[in-house]
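Below: the structure, in structure tokens.
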Amino acid sequence: MPVKEITDLAHSKGIIVVIDGCQGAPHLKLDMQDLDCDFYAISCHKMYGPTGLGVLYGKKKWLEELPPYQGGGGMIREVKKDKISYGDLPNKYEAGTMATAQVIAFDQSIKFMESVGIENIMKHEADLVEYGQELLQKNNSVKLIGSPKNKGGVLSFTLEGVHPHDIATILDEDGVAIRAGHHCCQILHDKLNIPASARASVGIYNTKDDLDKLNDSINNCKKIFNLK
């Protein structure tokens, strides 16, 4: 998505911009000053970290102006009978006991990604997607969905006559992990007139051999459903 252009347009109309960056952060070089968004959310497990933890970037002016959404120890400066005051940022929003173990683990995940380099990760994923597209385009009955110029690290597809949930189940039995469903964009699937789609995502740990295995498992799926 052209996030920067969308942000500029929204700001020209006085609209606050909140970006769901969970799918972008592991795959792109981020620059909040360049994007100029007001908020940017990250899910740590998408960045090879632990589950149950996230990061929210927010412009200081909004963090100072907005009230905390929950209360708890650590975020209160002073309590009086008729009022309370909050701690300095970011403590104002850090209510209660922090998920210490997850934070320590995520620190290591960030250091791991930095040691590899985001540019290297982006190139590796782009090479895999290009290879996967060429592979699946040669496979009869497979229809790839979407071909943007700057494609992310995903291969979304359908298989003629086979529901994506069945595809995912059969591939799972072959040890190939994909996701099937609406992928948080049901309106798009309605527009494409498909009930769901299958999606193979690539990351730093994937290889071309994994994509060969994906293709082999799709062929196994076709065999089960008597497709050519």
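General remarks:
- Highest-fluctuation residue, Lys29, Lys123, Lys149 considered, GNM on the chain with Cα pairs under 10 Å: Lys149
- When you filter the chymotrypsin sites (Phe, Trp or Tyr not before Pro) in region 48-123 for DSSP loop state and at most 13 other Cβ atoms inside 10 Å of their Cβ, you are left with Tyr69.
- If you plug the beta carbon distance of Lys4 and Tyr131 into 1/(1 + (r/R0)^6) with R0 = 22 Å, you get a FRET efficiency near 0.15.
- Rounded to the nearest whole Hz, the Karplus-based 3J(HN,Hα) values (6.51 cos²θ - 1.76 cosθ + 1.60, θ = phi - 60°) of region 168-182 follow the sequence 4, 5, 5, 5, 4, 5, 8, x, 10, 9, 10, 10, 10, x, 9, with x at glycine and proline.
- Taking Cα atoms only, the orientation of helix 100-116 departs from the longest principal axis of the chain by about 60 degrees.
- Cross-link pairs exceeding 28 Å in C-alpha to C-alpha distance, out of Lys13/Lys83; Lys4/Lys151; Lys29/Lys208, comprise Lys13/Lys83.
- A Cβ-based charge dipole, computed about the Cα centre of the chain with Lys and Arg at +1 and Asp and Glu at -1, lands at about 400 debye.
- Look at the alpha carbon pairs under 8 Å that are at least 6 residues apart: their mean separation over the length of region 3-116 gives a relative contact order of 20 percent.
- Separation of the Asn140 and Glu173 label points, Cα + 7 Å toward Cβ, nm: 2.3
- Per-residue ³J(HN,Hα) for region 58-72, Karplus 6.51 cos²θ - 1.76 cosθ + 1.60, θ = phi - 60°, Hz, x for Gly and Pro: x, 4, 4, 4, 6, 5, 6, 7, 6, x, x, 8, 8, x, x
- Residue among Asn120, Leu192, Ile110 farthest towards the positive dipole end of the chain, charges placed on Cβ: Leu192
- Length available on full extension from His45 to Lys149: 0.36 nm per residue minus the Cα-Cα distance, which gives 34.7 nm.
- Loop-located chymotrypsin sites (Phe, Trp or Tyr not before Pro) in region 126-228 (DSSP state not H, G, I, E or B) with no more than 13 neighbouring Cβ atoms inside 10 Å: Tyr205.
- Under 14 Å from Lys143, Cα to Cα: aspartates and glutamates that are on another chain or at least 8 residues apart: Glu134, Glu160
- Choice from Val79, Val18, Val129 showing the highest fluctuation, given a GNM over the chain with Cα pairs closer than 10 Å: Val79
- Dividing the mean sequence gap of close Cα pairs (under 8 Å, 6+ apart) by how many residues the chain holds gives a relative contact order of 13 percent.
- Scaled against the 2.2 N^0.38 Å expected of a compact globular protein of N residues, the Cα radius of gyration of region 60-191 reads 1.66.
- With distances taken between every two different alpha-carbon atoms, region 3-116 has a Kirkwood hydrodynamic radius of 16.0 Å.
- Extension gain, His182 to Arg77: 0.36 nm times the residue separation minus the Cα-Cα distance gives 33.4 nm.
- Hz values of 3J(HN,Hα) by residue in region 5-12 - Karplus curve (6.51, -1.76, 1.60), Gly and Pro given as x: 5, 5, 4, 4, 5, 4, 5, 5
Throughout, read-outs are computed from the coordinates displayed, never taken from laboratory work. In this text the structure is predicted, and so the values were computed from the model without any measurement. Backbone-built Cβ (ideal geometry, glycine too); neighbour counts: all protein chains shown.
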